[in-house]
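The values are calculated or read from the model by the stated rules, or taken from the named source; none is laboratory data. Remember, it's a predicted structure, so these values are computed and weren't measured experimentally. Note that each Cβ is placed from the backbone with ideal geometry, even for glycine, and that neighbours are counted across all protein chains shown. Keep in mind that these areas ignore ligands, DNA and RNA; they rest on the heavy atoms of the full protein, side chains included. Shrake-Rupley method; radii C 1.70, N 1.55, O 1.52, S 1.80 Å.
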Amino acid sequence: MSLVDWLTELAQPGQVRPVVSAPDPVLARDGEVVDPTDPSVVQLAADLVATMRVSPGCVGLAAPQVGASARVFAVDVTGHPKAVTVHGTFVLCNATVVSASRWRPGREGCMSVPDLTGDVKRASRVVVEGVLPGTGEPIQLTTDGFEARALQHEIDHCAGLLFLDRVAGAHALYQRKVYL
């Protein structure tokens with residue numbers, strides 16, 4: 001099954017949820033492994049997509065950011081000027097990075113840390129394994145550049161980490177200049 005087929009098959013209406021901000025404790029907790037076929041996980045997946053779509057500039061959203069301590073996240077870098085490889089809108093459960101290479105620094109921001117951006121060194125090529133919600137089908141995704149950065153950022157959220165935990169120090173933090 002392709003990611004496009006999966007999104008069509010999901011066809012579950014999502015509810016827009018409020019996004020929590022640091023220092024909310026849910027953002028620092030290691031998310032729980034989920035059963036991707038559980039109806040509540042399928043609803044969470046739909047809610048993440050719905051919330052992401054109404055949030056200007058948002059390219060990814062993890063369950064902890066909407067108050068759920070779970071290893072589920074949505075990504076869609078479609079149309080982003082830095083995106084080269086684009087797999088469209090998708091949600092993964094219990095995802096892990098199985099291979100990472102070509103480490104590069106880059107500026108990151110986050111809806112849960114609205115006032116800051118920071119320079120974070122991440123792999124620009126990754127292979128990620130996860131499970132599609134609803135179907136329970138395992139998937140392996142190979143990507144690079146901006147989409148690879150977005151995946152790592154969201155996987156970090158599911159592990160209780162913010163980009164702030166990855167910056168080299170205070171010299172690598174900046175006041176956000178544009179609010180989306």
Which listed residue is open to solvent by 60 Å² or more (accessible area, probe 1.4 Å) and either farther than 24 Å from G14 by Cα or in contact with a Gly (Cβ under 8 Å, 6 or more places away or on another chain) (or both), from V98, V128: V98
Test: residue in region 140-150 that is crowded, with 22+ Cβ neighbours inside 10 Å, modelled with pLDDT of 95 or more and in a strand (DSSP E or B): yes
Flag if L173 is crowded, with 17+ Cβ neighbours inside 10 Å and touching a residue at least 24 places away in the same chain (Cβ under 8 Å): no
Among (1) touching a helix residue (DSSP H, G or I) at 6+ places or on another chain (Cβ under 7 Å); (2) closer than 25 Å to A172 by Cα, the one test that P23 misses: (1)
Check on I139, within 26 Å of P36 (Cβ to Cβ), aliphatic (A, V, I, L, M) and over 13 Å from the mean Cα position of the chain (by Cα): yes
Selection from region 1-45 of residues that are assigned to a helix (DSSP H, G or I), at pLDDT 95 or above and open to solvent by less than 50 Å² (accessible area, probe 1.4 Å): V26, L27, V41, V42, L44, A45
